[in-house]
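One structure below.
Derivation of every value follows stated rules applied to the coordinates shown; laboratory data play no part. Note that this is a predicted model, so its numbers are computed, not measured. Reconstructed Cβ throughout: ideal geometry from the backbone, glycine too, with neighbour counts over all protein chains shown.
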Amino acid sequence: MTRTQEIIAFAEELGFGPVGIAPAHAFTETRAAARARLKAGHLAGMDWYNAARVERGTRPAWLLSEARSIIALALPYYVGDPGKDWEAAGGPRGIVSRYAWGRDYHNVLRKKLRRLVEFLTARDASARFFADTGPMLDRAAAFRAGIGWYGKSTMILTETEGTWVFLAEVVTDLELDYTRPKRKNCGSCTRCIDACPTGAIVAPYQVDARRCISYLTIENRGGIPRDLRSRVGMRVFGCDICQEVCPVNRHVNPNADDDFLPRPGVGPTVALIPLLEITAEEFTRRFQGTPLLRAKREGLRRNAIVGAGNAGDPAAIPALRRILLDDREAPLLRGHAAWALGRLAGSTALEALRRVNVRALHPELREEVAAALAAIAAGERRHAAAHQT
Ligand code: B12
Ligand code: SF4
Ligand code: SF4
């Protein structure tokens, strides 16, 4: 076995696959693409994703002096389709992205990456790992090492695991044998672009995060723009639509660590109504060690409120009403509750919206209440017109 084969075999033993190896020269083209996307404002709202990060992340030699090779790694997380247990029961349910059904992948990846780095340092190499939160552009490394190719959704598509992989890399000073980039592409397919409910894939290979449900429900610390709320649907954490429609994912077999199996309290769907007023203690107890913590309690409640508005189930009205009328609640949540009540309409929703003391409200919240009342009035006019014809 060559040294390269030995490393790949060890990475596969850890559960990674596909694994590839690329030379560690600078990612000049990727840097230009990332700079252009930053300039266009496509990553706005994520202050941590900035020009300095792109400069560092596209120069492996700045991350490890004497960097010669990048071991690019994919960790599969597809665990098959959810069973019936996750449907219906207990009122409206919010949809959770597949990557967040189980344990937080950062912890799972980190453990495995540490072992791979130890394997290399025991052979007198220098090595450093990166994954997701690190500055490297994980997809660029994966593409260069040939573990997958770029889809128009910007996802890396792999032959065996489709898009359902987490990406990571180990940069080392070892000189290794390199695997080649794949020459595949999407051809004339545009399914992901057509299916994206918010029009976030603004051009092939370009996602505008400000419209992407993944950003809106996870990273976003502010409001979900009113014109996008109905399109977010029941998604309370992330979005998988551009992956679900991708033909490359049609024949993927469940091939993931047990760590990624649904956990009690999380999984493919979560009951929405209990999330609306979840306490800080319950939020931590239930979501500790899962990716959902990233949205923070206020973000998850905001998403649940939007989901409840879209679910059309009047069972959510009492909790939404309490949120709207409680001036100890954050204006952000009260504003979204007003919107959800406007969507659900009905006499109790209307009563709550009329009862709120608009003059004492923050201007943004006042505007939300006015828009919700206008939405109910427009619905009533449509209803009356339909009856007349
Ligand atoms: C910021 C970020 C986001 C942002 C922005 C996403 C985006 N597309 O930029 C938001 C919050 C929206 C997001 C969402 C998601 N993310 Co994210 N995210 C990241 C992060 C931290 C940086 C990505 C980045 O650099 N974007 C900037 C732009 C410049 O890069 P890019 O969009 O990837 O674009 C590339 C291609 O378009 C290509 N390109 C550009 N022009 C052209 C032209 C041609 C012709 C070609 C062929 C290619 C090409 O080059 C670009 C650079 O690599 C990475 C982790 C990391 N450290 O890299 C994870 C990462 C990309 N995310 C990941 C995941 C899983 C997701 C979600 C699926 C989560 C979910 N289920 O909700 C969604 C998918 C949305 C989508 N379609 O991208 C995985 C992707 C795995 C994979 N198979 O590709 C990563 C790698 C995390 C990880 N370590 O596993 N994410
Ligand atoms: S994750 Fe959802 S919202 Fe974002 S680009 Fe894909 S389909 Fe569109
Ligand atoms: S859905 Fe089609 S266009 Fe989009 S990434 Fe998959 S193959 Fe490419």
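Across the chain, how many lysine pairs, 8 or more positions apart or on different chains, have C-alpha atoms separated by under 26 Å? Please give the number.
5
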Rg ratio (alpha-carbon, reference 2.2 N^0.38 Å) - region 99-153: 1.34
Proxy reagent accessibility, fewest Cβ within 10 Å first, across 58, 217, 279, 160: 279, 160, 58, 217
Amide H partners (placed H, <5 Å) of residue 166, local residues excluded: 75, 77
In degrees, nearest ten, helix 105-121 long axis to first principal axis of the chain (Cα): 10 degrees
Relative compactness, region 134-211, computed as alpha-carbon Rg over 2.2 N^0.38 Å: 1.23
Value at 222 nm in deg cm²/dmol, rounded to 500, when DSSP H runs of n ≥ 4 in the chain each add -39,500 (n - 2.57): -12000 deg cm²/dmol
Nearest-ten-degree value, helix 363-388 long axis tilted from longest Cα axis of the chain: 70 degrees
Longest to shortest principal axis, alpha-carbon extents of region 199-285, angstrom: 42, 38, 18
Computed over the chain, the ratio Rg/Rh where both radii use C-alpha atoms and Rh is Kirkwood: 1.03
Rounded Å value of the spacing that divides the Cα centres of region 93-172 and region 353-367: 46 Å
Cα long-axis angle, helix 296-311 against the chain (0 to 90 degrees, to the nearest 10): 60 degrees
Translational diffusion coefficient (Stokes-Einstein; Kirkwood radius from C-alpha pairs) of region 1-100 at 20 °C, 1.002 mPa s, in µm²/s: 122 µm²/s
All Cα pairs of region 348-389, percent lying beyond 15 Å: 49 percent
C-alpha center-to-center spacing [region 224-271, region 41-66] in angstrom: 27 Å
Projected area, mean over directions - region 54-158, Cα convex hull, nm²: 9.1 nm²
Relative exposure of 42, 106, judged by other C-beta atoms within 10 Å (fewest first): 106, 42
For region 244-376: Kirkwood Rh in Å [reciprocal of mean 1/r, alpha carbons]: 16.4 Å
Around residue 108: net Lys/Arg minus Asp/Glu count, Cβ-Cβ under 9 Å: +1
Of 246, 269, 230, farthest towards positive along the dipole that unit charges on Lys, Arg, Asp, Glu beta carbons give the chain: 230
Cβ charges +1 (Lys, Arg) and -1 (Asp, Glu), total dipole of the chain, debye: 980 debye
HN-Hα J in Hz across region 207-223 - Karplus 6.51, -1.76, 1.60, θ = phi - 60°, x for Gly and Pro: 9, 8, 4, 4, 9, 7, 4, 4, 5, 4, 9, 10, 7, 4, 9, x, x
Summed side-chain charge close to residue 68 - residues other than residue 68 whose Cβ falls under 9 Å, Lys, Arg +1, Asp, Glu -1: -3
